[in-house]
Amino acid sequence: MSVVVMKFGGTSVEDPAAIGRTAEIVAGRVALGKRPVVVVSAMARVTDQLLRAAKCAASGDRTGALAISSRLRARHRDTACVLVKNQAEGARLQTLIDEKFDSLDEMLRGLAVLQELTPRISDLIVSYGERISSRIVAAAFCERTVNAVHVDAREIIITDSQFQKAAPLEAILEKRANEKLQPLINYGQVPVMGGFISSNEAGITTTLGRGGSDYTGALVGGALTAESIEIWTDVDGIMTTDPRVCPDALRVKVISFEEAAELAYFGAKVLHPATILPAVKKNIPVHVLNSRNPSNEGTRIISLAPHCKSPFKSIAVKKRLSIIDVVASRMLMSHGYMKEIFTVFDKHHCAVDMVSTSEVSVSLTVDSNDNLPAIAADLSKLADVKYEGRKALVCMVGEDIRGQSGIAAQVFNAVRHINVRMISQGASEINMSFMIEEDDAEEALRSLHAAFFKEPDPAIFDVEARKPLP
Ligand code: ADP
Ligand code: ASP
Ligand code: MG
């Protein structure tokens, strides 16, 4: 059966017009004989606002937190009102939205008294974004002839208890998806569920981390062995770099799983880094598509991408990084020393992006996080330590850099006016990355893009889109 998992991001459900377009796209797939499962994000910016409300409440600002919640309640009610014209259905949906916001407000009041925001409470509060958006989208679909049925994602996506970045328990999840979603699909219904939200085995709400709705889409696609996974967003696909920084970025027509994973990990926000894994395991193609321009063919992510004349497919940048220098003149090369350094990062659950060593020092880059002083304190028991924030990692990705000589020289020539701190070519040989000051990131992207996408390969990049209109 041709199951297709369709994930719609925040901008694709941001207002009644966007939800209307989304309904049409899904109806189009049904008309083609496909069996969609729909995964939606919270409406655009809602997750940020819920987090702000939680922080306000936890700092004792009860009025500020409730004011944010009240604006969100009005936005969701207004959206539902425009979309659902059937009186009985409309009234039912408004009651449901009110119930959800009433319980959110109760939580915010409690938080303002306790003034302690734990990761567990934070997950519960942000979960309202997807819990409510998915209800509105399901109701709007039903009015538009899509036979939708709402499913609470927390009954399917079961995870461990690492709040704010929970890891899915795939065997349980696969069983749940087959028990709860497959019968609905067989029955000709279109399940609609929230992305990002999940629960642990005890039923406590968890989340998959920011941007995690893509991951939900891929997990569901993997569990149901879908024919394809579609990630619907607000750009035409994976582009040669972030189009907000380089407006002349081109759509990449086709890219490999490996390249896409590398790009996502190194900051291309268009995909959540873990999205590709479930798809790779079952060799399910992933398509990135634009819900504002649905006729565009988007980007196809497949296991083996065709040869490309240009060395790179895309350039990503990851910001808010810190660099940690560990300097120890005598012990560095002694046996077990590196292990001790990494044990410290492990203890603080801190992932290291890049490492470079010299005779007397090790430099490491990590996401800037609140644990850095504690990490530095632990490392200082081993050696002299200093750390510096506001760094960015630029990552250039392409399978066709393998075996080509002279590329590093071209890269560093393009950014010769920028101070480069650390350089690495990943073991996979498909990425070349370097660390710079965060303030130089945009300039570096523009210079590299101008140097490497002057004559793009038309088989891989949408060169047509660059041509001026007649
Ligand atoms: P959604 O809400 O649909 O998940 P996101 O905001 O998470 O959307 O991701 C889409 C955004 O990712 C785009 O608007 C774009 O600015 C940004 N982006 C960063 N790098 C890239 C890239 N290489 N290709 C396409 N988009 C990118
Ligand atoms: N709503 C969540 C976020 O903003 C998840 C997502 O949109 O993918 O991070
Ligand atoms: Mg996203």
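The values are calculated or read from the model by the stated rules, or taken from the named source; none is laboratory data. All values reported here derive from a predicted model rather than from experimental measurement. Counting neighbours? That spans all protein chains shown, and the Cβs are built from the backbone with ideal geometry, glycine included. Each accessible area value is taken on the protein alone, full model and side chains, heavy atoms only, with ligands, DNA and RNA left out. Shrake-Rupley method; radii C 1.70, N 1.55, O 1.52, S 1.80 Å.
A few points about this structure:
- The lone exception for V3 - which of (1) within 30 Å of I284 (Cβ to Cβ); (2) out of contact with any Leu (no Cβ under 6 Å at 6 or more places or on another chain) it fails: (2)
- Residues of the stretch 365-395 that are over 24 Å from the mean Cα position of the chain (by Cα) and part of a strand (DSSP E or B): D384, V385, K386, Y387, E388.
- Contacts under 9 angstrom Cβ, first residue in the stretch 35-54 being open to solvent by 10 Å² or more (accessible area, probe 1.4 Å) and modelled with pLDDT of 95 or more, partner of a type in the set (S, T, Y) and outside any helix (DSSP H, G or I), 6 or more apart: R35/S2; T47/S41
- The stretch 94-106: number of residues that are open to solvent by less than 50 Å² (accessible area, probe 1.4 Å) and either closer than 22 Å to Q164 by Cα or outside any helix (DSSP H, G or I) (or both): 5
- Only one of A74, A112 that is among the small types (G, A, S) and surrounded by 14 or more Cβ atoms within 10 Å (Cβ to Cβ): A112
- Residue list for the stretch 136-175, restricted to those being under 26 Å from R92 (Cβ atoms), touching a strand residue (DSSP E or B) at 6+ places or on another chain (Cβ under 9 Å) and surrounded by fewer than 21 Cβ atoms within 10 Å (Cβ to Cβ): C142, N147, V149, H150, D152, E155
- Filtered residues of the stretch 1-28 (kept if more than 16 Å from ligand 2 (Cβ to nearest atom) and either under 18 Å from F196 (Cα atoms) or open to solvent by less than 50 Å² (accessible area, probe 1.4 Å) (or both)): S2, V3, V4, P16, G20, A23, I25, V26, A27, G28
- Among the residues making up the stretch 139-181, those that are outside any loop (DSSP other than H, G, I, E, B) and aliphatic (A, V, I, L, M) are A139, A140, A148, V149, A153, I158, A171, I172, L173, A177, L181.
- Among the residues of the stretch 181-201, those identified as closer than 27 Å to P273 by Cβ and either away from ligand 1 (no atom under 15 Å from the Cβ) or not β-branched (V, I, T) (or both) are L181, P191, V192, M193, G194, G195, F196, S198, S199, N200, E201.
- Given (1) open to solvent by 20 Å² or more (accessible area, probe 1.4 Å); (2) more than 24 Å from the chain's Cα centre (by Cα), index of the condition Y337 fails: (1)
- Boolean, A80 is closer than 29 Å to I229 by Cβ and within 16 Å of ligand 3 (Cβ to nearest atom): no
- Within the stretch 179-207, being more than 22 Å from A148 (Cβ to Cβ) and in contact (Cβ under 8 Å) with a residue 60 or more places away in the chain holds for I204, T205, T206, T207.
- Residue in the stretch 78-93 that is surrounded by fewer than 20 Cβ atoms within 10 Å (Cβ to Cβ) and within 16 Å of ligand 2 (Cβ to nearest atom) present: no
- Subset of the stretch 231-287 (residues that are part of a strand (DSSP E or B), open to solvent by 10 Å² or more (accessible area, probe 1.4 Å) and within 13 Å of ligand 1 (Cβ to nearest atom)): T233, M239, R251
- Residue list for the stretch 182-230, filter: away from ligand 2 (no atom under 16 Å from the Cβ), crowded, with 24+ Cβ neighbours inside 10 Å and part of a helix (DSSP H, G or I): A223
- Condition met for G129 (of a type outside the set (S, T, Y), modelled with pLDDT of 95 or more, buried (at least 16 other Cβ atoms within 10 Å of the Cβ) and out of contact with any Pro (no Cβ under 8 Å at 6 or more places or on another chain)): yes
- Scan of the stretch 240-250 for residues that are more than 14 Å from ligand 3 (Cβ to nearest atom) and either closer than 13 Å to A268 by Cβ or among the hydrophobic types (A, V, I, L, M, F, W, C) (or both), ordered by number: T240, T241, P243, V245, C246, A249, L250
- Residue check for F141: within 19 Å of the chain's Cα centre (by Cα), at negative phi and of a type in the set (F, W, Y): no
- For the stretch 415-467, a residue qualifies if it is touching a Ser or Thr at 6+ places or on another chain (Cβ under 6 Å) and either hydroxyl-bearing (S, T, Y) or open to solvent by 30 Å² or more (accessible area, probe 1.4 Å) (or both), and the qualifying residues are S424, S433.
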